[in-house]
Amino acid sequence: MTIQGKNLGVAFTGSFCTFDKIFPQLEHLMAENANVYPIFSERSKSTDTRFGNAESFLKRAKDITGNTPVTTLVEAEKFGPNNLLDALVIAPCTGNTLAKMAHAITDSTVLMAAKGLLRNNKPIIIAVSTNDALSGNLKNIGLLINSKNIFFVPFGQDNYKSKPNSMVADFSLILPTVEAAFDGKQLQPVIISM
């Protein structure tokens, strides 16, 4: 299914080292004529790191999408009752966000947005980026991958020698994963070689 005219939330969580790979995907979604609404977690909206400063990330998201990023629980809460989004992409999705989502914890802007989409039976697309995917978070991936309306951007081990438990999504597959999710299908294969 095409994403033309669809309202897509793209939510950033704190895997700052991958942000430079997400912004081109925002551009790609915009080129497909989707309406993209950036959402930033509390950490990603306010933390300056060696990968860039928070203000520049917020500005870049707004410049690409034309929409002011959603950065508070109050703003994100409106997605549910107002049924504003057709799908939500969480990219990057940290292990922390993954674990909380698997256990229905809604204590951040991104998780509040996700709760609203699940309330409305809309797809959530997860693009993992976590150093503990094959350790502490493996059970959470298992829970979510078997949940209704949850889809994963295909992912694999990004550095098995130095970080054997780490996995990251192939962010270039966000668009085809979203398209498949609109058809109720998981893009395959889910686990890929990187």
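Every number in this text was worked out from the coordinates using simple rules, so none of it is lab data. These figures come from a predicted structure and were not determined experimentally. Using ideal geometry, Cβ is built from the backbone for each residue, glycine included, and neighbour counts are taken over all protein chains shown.
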Fully extended contour minus Cα-Cα distance, from Met194 to Asn82, at 0.36 nm per residue: 36.4 nm
From the backbone phi of the stretch 153-162, what are the Karplus-calculated ³J(HN,Hα) couplings (6.51 cos²θ - 1.76 cosθ + 1.60, θ = phi - 60°) in whole Hz, Gly and Pro given as x? 5, x, 9, x, 6, 8, 7, 5, 6, 8
What residues have an amide H closer than 5 Å to that of Ala11, excluding those fewer than 5 places away on the same chain, when H is modeled at 1.01 Å from N in the peptide plane? Ile39, Val89, Ile90, Ala91
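Can you tell me what the convex hull of the Cα atoms of the chain projects to on average, as an area in nm²?
Numbers: hull surface 39.0 nm².
Value for the chain: 9.7 nm².
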Links that overshoot a 18 Å alpha carbon limit, given the list Lys122/Lys148; Lys78/Lys122; Lys59/Lys122; Lys21/Lys59; Lys100/Lys139; Lys148/Lys185: Lys59/Lys122
Using Cα pairs under 8 angstrom and six or more residues apart, how large is the relative contact order of the chain, in percent? 21
One would report the antiparallel percent of DSSP beta bridges in the stretch 7-182, rounded to the nearest 5, as 25
Jot down the radius of gyration and Dmax of the stretch 130-181, Cα atoms only, both in angstrom. 11.9, 34
What distance in nm separates the two pseudo spin-label positions at Asp107 and Thr47, each 7 Å out from Cα along the beta-carbon direction? 1.5
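Assuming a viscosity of 1.306 mPa s and a temperature of 10 °C, what translational diffusion coefficient in µm² per second does Stokes-Einstein assign to the stretch 77-168, Rh being the Kirkwood radius over Cα pairs? Kindly include the intermediate steps, with their values, before the conclusion.
Values: Rh = 13.3 Å.
Reported coefficient: 119 µm²/s.
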Do the sum for the chain: with -39,500 (n - 2.57) for every DSSP H run of n ≥ 4, divided by all residues, what is the mean residue ellipticity at 222 nm, to the nearest 500 deg cm²/dmol? -10500 deg cm²/dmol
Rounded to whole Å and sorted largest first, list the principal axis extents of the Cα atoms in the stretch 1-109. 33, 30, 23
Could you give the length gained on full extension between Ser172 and Ile145, defined as 0.36 nm per residue of separation minus the Cα-Cα distance, in nm? 7.7 nm
